[in-house]
Every structure is written in structure tokens, then in C-alpha cells.
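In what follows, a single structure is set out as C-alpha cells and then discussed.
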Amino acid sequence: MLDLLKDLWGFMRERKKFWLAPVIIILVLLGGLLVLAQGSAVAPFIYTLF
């Protein structure tokens, strides 16, 4: 996992694609939110946001 992050950072730094960082962060946060919400009691409240 750490190698993937290193490679991704190297790609963004070398090709000057720093605009990808916020997109990747938002996607990871949304994915984590959906995974955590599947089996919890908070799920009905999160689904109303979408």
C-alpha cells in the first residue's frame, strides 16, 4: 500500500498533476464512509445525504 502511494505521489509530482490529489482524497473518504455505513446504525442518516 505504501508503494502505491509513493508511486502515485511520484507520478503527480513528475507530471505536475497536483489537481488529482483532492479528487483522490474525496473518493477515498466517500468510499470509507460507505463501507463504514453498511453495517452500522448510522446508515439511515448517511443515506439521506445522498
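Quick one: which helices (runs of 4 or more DSSP H) sit completely within the chain and have at least 3 residues that are under 18 Å from the mean Cα position of the chain (by Cα) and of a type outside the set (A, V, I, L, M, F, W, C)?
The helices (runs of 4 or more DSSP H) meeting that bar are 2-15, 20-37.
For segment 31-48, does any single residue satisfy the condition of being touching a residue at least 12 places away in the same chain (Cβ under 8 Å) and either open to solvent by 100 Å² or more (accessible area, probe 1.4 Å) or in contact with a Ser or Thr (Cβ under 9 Å, 6 or more places away or on another chain) (or both)?
Scanning segment 31-48 turns up at least one residue that is touching a residue at least 12 places away in the same chain (Cβ under 8 Å) and either open to solvent by 100 Å² or more (accessible area, probe 1.4 Å) or in contact with a Ser or Thr (Cβ under 9 Å, 6 or more places away or on another chain) (or both).
Using beta carbons and a limit of 8 Å, which pairs, at least six apart or on different chains, have the first residue in segment 1-30 and among the aromatic types (Phe, Trp, Tyr) and the second one open to solvent by less than 100 Å² (accessible area, probe 1.4 Å)?
Final answer for the pair search is Phe11/Lys17; Phe18/Met12.
The values are calculated or read from the model by the stated rules, or taken from the named source; none is laboratory data. All figures in this text were calculated on a predicted structure; none of them were measured in a lab. Glycine gets a Cβ as well: all are built from the backbone with ideal geometry, and neighbour counts include every protein chain shown. Accessible surface areas use protein heavy atoms only, side chains included; no ligands, DNA or RNA. Shrake-Rupley method; radii C 1.70, N 1.55, O 1.52, S 1.80 Å.
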